[in-house]
1. Determine, at each q value in 0.22, 0.24 (inverse angstroms), the log₁₀ of I(q)/I(0) that the Debye formula gives when each Cα of region 187-254 is one equal point scatterer.
2. I want to make sure I understand the PRE zone here: with the label point 7 angstrom from the Cα of residue 60 toward its beta carbon, which residues in region 198-235 have backbone N atoms less than 20 Å away?
3. Using 1/(1 + (r/R0)^6) with R0 = 45 angstrom and r between the beta carbons of residue 186 and residue 36, what's the FRET efficiency to the nearest 0.05?
4. Can you figure out the FRET efficiency of residue 53 with residue 262, using R₀ = 35 Å and their beta-carbon distance, to the nearest 0.05?
5. Principal axes first, then extents: for the Cα atoms of region 226-277, list largest minus smallest coordinate on each axis, whole Å, largest first.
6. Which whole-angstrom value gives the distance between the alpha carbon centres of region 86-114 and region 231-277?
7. Using 0.36 nm per residue of separation minus the Cα-Cα distance, give me the extension gain between residue 68 and residue 249 in nm, one decimal.
8. As a footprinting exposure proxy, order 225, 76, 201, 95 by other Cβ within 10 Å, with the fewest listed first.
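None of the figures in this text is laboratory data; all of them are computed from the coordinates on show. All of these numbers come straight from a predicted model, not from anything done at the bench. Cβ coordinates were reconstructed from backbone atoms using ideal geometry, including for glycine residues, and neighbour counts include every protein chain displayed.
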């Protein structure tokens, strides 16, 4: 692997700041819920995009974010993490949808006066409860001399539910930028996204090339990148436009972490420019 180091020329401030989520046969809007201020309720719109009538169960799960962006299920909160589900109510807990049918699921937040300042997070989990009983001749003789293994996929997806309480704030910075390429000559920008404060950060990443001559142009982007409160940093890799990779021998790289396009107020959370050497 080839690596080029980028040397600092400018670092700007960082601070913190719903769309549709579809997977399998279920479409959910919004795909992320934040209760802050006086907000107490949120309607989740579910649509069965499959071709079969399906029942979905709804429950809460707890997830840890790892520094590479992956998740794992946990039972006990990490340091700096608080679970939201004790203060949440969801109804109904099970929905059956025909193909193309939609239904609203109501999510309610019930705050308590003794809640700590900061962020509480749990994930709302939607699990398909299809009848996976194998079809066939129930009267067929059983061959006890052979072994049969049936792999049954169970579909499930989750969305984060966040409660913010009291005085909250967060800042972000970007560092350790490196240009890397793999064995197939695909170009990547790798870096560290740092978070400080008592709430998570969530936004879009954009990579631009600033040539020695000419206007800056975008060469990479990733939307919906979060760093949750159990982490103070996350390692990120953004694949770059292959047509632009050949031109990354001079000029500068500009990396910015911005609020989502649908945010009420557009903000630049963090921004950094590096000279390519």
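1. Each listed q maps to, in turn, -0.91, -1.01.
2. Only 199-200, 228-231 pass the distance filter.
3. 0.70
4. Details: r = 32 Å, r/R0 = 0.92.
After rounding, the FRET efficiency stands at 0.65.
5. Sorted from largest, the Cα extents of region 226-277 read 36, 26, 20 Å.
6. When both Cα centres are located, 37 Å separates them.
7. Details: separation 181, 0.36 × 181 = 65.16 nm, distance 2.77 nm.
Gain on stretching residue 68 to residue 249: 62.4 nm.
8. 76, 225, 95, 201
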